[in-house]
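Undergrad: The structure is given below, and queries will be raised subsequently.
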Amino acid sequence: MTAAASRLTARACPVCGNADESHELYPERIDPARLGALSYSSRKEPEYMSLRMVVCPGCELLYAPCVPRPEELERAYAGTGFDGAAEARHAAASYAEALRARLAELPDRQSALEIGTGNGALLVHLRAMGFAEVMGIEPSIAAVRDAAPETRPLIRVGSFDPSGLPASHFSLLVANQTIEHVAEPLALLASARALLKPGGLLMMVSHDYRHPLMRLLGARAPIIDIEHLQVFSRASLAFAFERAGFAAVQIAAFANRYPLHYWVRLAPLPRLVKRPLHGWLRRSAEDGLGGMTLRASVGNMIAWAWT
Ligand SMILES: [Zn+2]
């Protein structure tokens, strides 16, 4: 066991409880010297560090059988840096586009809650869609500090704690790129279900480790990352929703629209090529090639779940 691993705590599959962790897909790759302030922030440049990841023979979930303690995770996320404002804006626009097509299926537009709201980029869209009450929850202090002045009052800073929220209340719940980060993903889904009013809808964008591109990249895939305690496939996600008590779920591939410089930042290119290329595209982001947006499905899936 490495020095980093000795501070970890063991767990069985966090969705089905199967304790067989013999199907290792990725060994642990943690260099404590490189654990920077951005290791727990979203949309950073990939660091190629990860916990040991195994595939559950019971439900197909890819998960870390040893994870940091809850208080350590809380501290890591509270203190993490935030440098993804432009990217957050583009991601939020992609999410809003997908959501707009589903608005007619909601019971009403009384209230919307986003778990892991970051700098609240999506909350702006939710307000524009006519939700009367809009709320976001975000553990990263730096991300919330980056929120627009009119969005900031809508965000609660801290880890998601359903006990302080009204049950059977929300028309819409959003938890994008969040379920990979929590130690108890099933509890997150069950809490989300309890917070939704009858007929309420949960929207969730997450990574799909069985997406062909992710399988091709293997350990070089950006999703095999230290901050991800588990990564779902379509089958394991559908199973988790069912276990959490949702009545119906639809899961489909999700295409993000991002500027070209951001795609290059994520790409598994050698540093010598990536740095100058990314720098050049970024400088041309306002008026040139780097600002061109491309829509692509690179391993994300979107789930819609009904109570
Ligand atoms: Zn399992």
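We did not get these values from a lab; they are worked out from the coordinates using the rules stated. As the structure is a computational prediction, the values presented were derived from the model and not from experiment. We place every Cβ from the backbone using ideal geometry, glycine too, and count neighbours over all the protein chains shown.
Undergrad: When only Cα pairs under 8 Å and 6 or more residues apart are kept, what is the percent relative contact order across the chain?
TA: Details: 615 pairs, mean separation 55.9, N = 307.
Relative contact order here is 18 percent.
Undergrad: What does the charge count near Arg193 come to, summing +1 for each Lys or Arg and -1 for each Asp or Glu among other residues with Cβ under 12 Å from its Cβ? Mind showing how you got there, number by number?
TA: Values: positive: Lys197, Arg243; negative: Glu242.
Once positives and negatives cancel, what remains is +1.
Undergrad: Follow-up. Go through the chain and flag any cysteine with no other cysteine's C-beta closer than 4.7 Å, please.
TA: Cysteines lacking a close Cβ partner in the chain: Cys66.
Undergrad: Alpha carbons only, please: Rg and Dmax for the range 262-307, in angstrom.
TA: 14.8, 49
Undergrad: Using a ≥ b ≥ c from the Cα gyration tensor of the range 114-251 (square roots of the eigenvalues), is it rounded, prolate or oblate, where a/c under 1.5 gives rounded and otherwise the larger of a/b and b/c decides, a/b for prolate? Don't jump to the answer; show the numbers that get you there.
TA: Numbers: a/c = 1.89, a/b = 1.27, b/c = 1.48.
Since a/c reaches 1.5 but b/c is at least a/b, the shape of the range 114-251 is classed as oblate.
Undergrad: Then there is this: Quick check for me: using +1 on Lys/Arg Cβ and -1 on Asp/Glu Cβ, what's the dipole size of the chain about its Cα centre, in debye to the nearest 20? Don't skip to the end; give the middle numbers.
TA: On the way: 32 positive and 30 negative charges, 132 e Å.
Dipole of the chain, to the nearest 20 debye: 640 debye.
Undergrad: For the chain, treating each Cα as an identical point scatterer without solvent, what Debye log10 I(q)/I(0) comes out at q = 0.08, 0.09, 0.11, 0.14 1/Å?
TA: -0.34, -0.43, -0.66, -1.12
Undergrad: Starting from the Cα of Ile141, step 7 Å along the direction of its Cβ; do the same at Leu216; then give the gap between the two resulting points in nm.
TA: About 4.3 nm separates the two model spin labels.
Undergrad: Another question, if that's okay. What distance in nm lies between label points placed 7 Å from Cα along the C-beta direction at Ala296 and Glu150?
TA: 3.4 nm
Undergrad: What are the DSSP H helices in the chain that stretch 20 Å or more along their long axis, judged by alpha-carbon atoms, and whose average Kyte-Doolittle hydropathy comes to at least -0.5? Could the numbers behind the result be given before it?
TA: Details: long enough: 85-100 (22 Å, -0.19).
Taking the DSSP H segments of the chain (at least 20 Å long, mean hydropathy at least -0.5), we get 85-100.
Undergrad: Can I ask one more? Which of the peptides 136-143, 83-90 is most tightly packed, and how do the rest follow, going by the mean number of other Cβ atoms within 10 Å of each residue?
TA: Details: 136-143: 22.1, 83-90: 17.9.
The peptides rank, most packed first, as 136-143, 83-90.
Undergrad: Still on this model: Just to check, using Stokes-Einstein with a Kirkwood Rh over alpha carbon pairs, what's the diffusion coefficient of the range 12-162 at 4 °C and 1.567 mPa s in µm²/s? The partial results should precede the final answer.
TA: Details: Rh = 17.6 Å.
Rounded to a whole number, D works out at 74 µm²/s.
Undergrad: Between Ala10 and Glu286, what length comes free when the chain is fully extended (0.36 nm per residue of separation minus the Cα-Cα distance, one decimal in nm)? Intermediate values should be presented prior to the final figure.
TA: Values: separation 276, 0.36 × 276 = 99.36 nm, distance 4.71 nm.
Taking 0.36 nm per residue and subtracting the Cα distance, the gain is 94.6 nm.
Undergrad: Taking R0 as 51 Å, what FRET efficiency do you get between Ala104 and Asn18 from their Cβ-Cβ distance, rounded to the nearest 0.05? Please report the intermediate quantities before stating the final value.
TA: Working: r = 39 Å, r/R0 = 0.77.
FRET efficiency, Ala104 to Asn18: 0.85.
Undergrad: Continuing with the same structure: Give me the one-decimal nm value for the distance between modelled label points at Val157 and Arg271, 7 Å along each residue's Cα-to-Cβ direction.
TA: Each label point lies 7 Å from its Cα, and together they span 3.3 nm.
Undergrad: Determine, for each peptide in 68-77, 187-196, the mean count of other beta carbons within 10 angstrom over its residues, then list the peptides with the highest first.
TA: Values: 68-77: 15.4, 187-196: 20.8.
Top of the packing list down: 187-196, 68-77.
Undergrad: Counting only helical runs of four or more DSSP H residues, what would the 222 nm mean residue ellipticity of the chain come to if each run contributes -39,500 (n - 2.57) and the total is spread over all its residues? Could the numbers behind the result be given before it?
TA: Values: 9 runs with 85 residues, N = 307.
Helix contribution divided over all residues of the chain: -8000 deg cm²/dmol.
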